[in-house]
1. Which of rounded, prolate or oblate describes the range 59-104 when judged by the alpha-carbon gyration tensor and an a/c cut-off of 1.5?
2. Tell me what the chain gives for mean residue ellipticity at 222 nm when only DSSP H runs of n ≥ 4 count, each as -39,500 (n - 2.57), the sum divided by the residue total, rounded to 500 deg cm²/dmol.
3. Using only the Cα atoms of the chain, construct the convex hull and provide its projected area averaged over every direction, in square nanometres to one decimal.
4. Find, among the trypsin sites (Lys or Arg not before Pro) in the range 10-104, those assigned to loop by DSSP (not H, G, I, E, B) with at most 16 other beta-carbon atoms within 10 angstrom.
5. Name the residue from Phe83, Met46, Ile6 whose Cα lies farthest towards the positive end of the charge dipole of the chain, charges +1 on Cβ of Lys and Arg and -1 on Cβ of Asp and Glu.
6. If the only charges are +1 at each Lys and Arg Cβ and -1 at each Asp and Glu Cβ, what is the size of the charge dipole of the chain around the Cα centre, to the nearest 20 debye?
7. For the chain, what's the relative contact order in percent, using C-alpha pairs closer than 8 Å and at least 6 residues apart?
8. Which helices count as membrane-span-like in the chain under these terms: full DSSP H, at least 24 Å along the axis by C-alpha, Kyte-Doolittle mean of -0.5 or more?
Amino acid sequence: MIKYIIIFAVLIIIALVVIKASKPDFKYEANKLVEYLGGIKNISNMEVSMSRFKVTVKDTKKVNKEGIQKLGARGIVEIDNTFKIILQDNAKKLKKCIDSLLEE
């Protein structure tokens, strides 16, 4: 009986580790997104609407669209100096992380 309890406990611990490892690290993603947007000083304004992350930048030449795509963006629309990035469910969480970076 004790063997089964130990095996069950080990399986639960392994499952928790796998779940934790599969969750995205939003601070890392936020830092990479800021880097791909040309740095924190290049960002003028940010807004989140559902799954879209809308960001206005000072210099569009500093933005790395390919890098943003590699982060998991489903699409990027550029209008003047504004980028609308489709990030699905992560948009709000990433904005909160970037806001905390702006406050530092």
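Every number here is computed from the coordinates shown, using simple stated rules; none is lab data. Model, not experiment: these values are computed from the prediction. Here the Cβ is made from the backbone with ideal geometry for all residues, glycine too, and neighbour counts use every protein chain on show.
1. oblate
2. Details: 4 runs with 51 residues, N = 104.
-15500 deg cm²/dmol, from helical runs alone.
3. On the way: hull surface 33.2 nm².
Here the figure is 8.3 nm², rounded to one decimal.
4. Filter output for the range 10-104: Lys58, Arg74.
5. Result: Ile6, furthest along the dipole toward the positive end.
6. The dipole magnitude comes to about 220 debye.
7. Details: 124 pairs, mean separation 27.7, N = 104.
Averaging sequence separation for qualifying contacts and normalising by length gives 27 percent for the chain.
8. The answer, listed by residue number, is 2-22.
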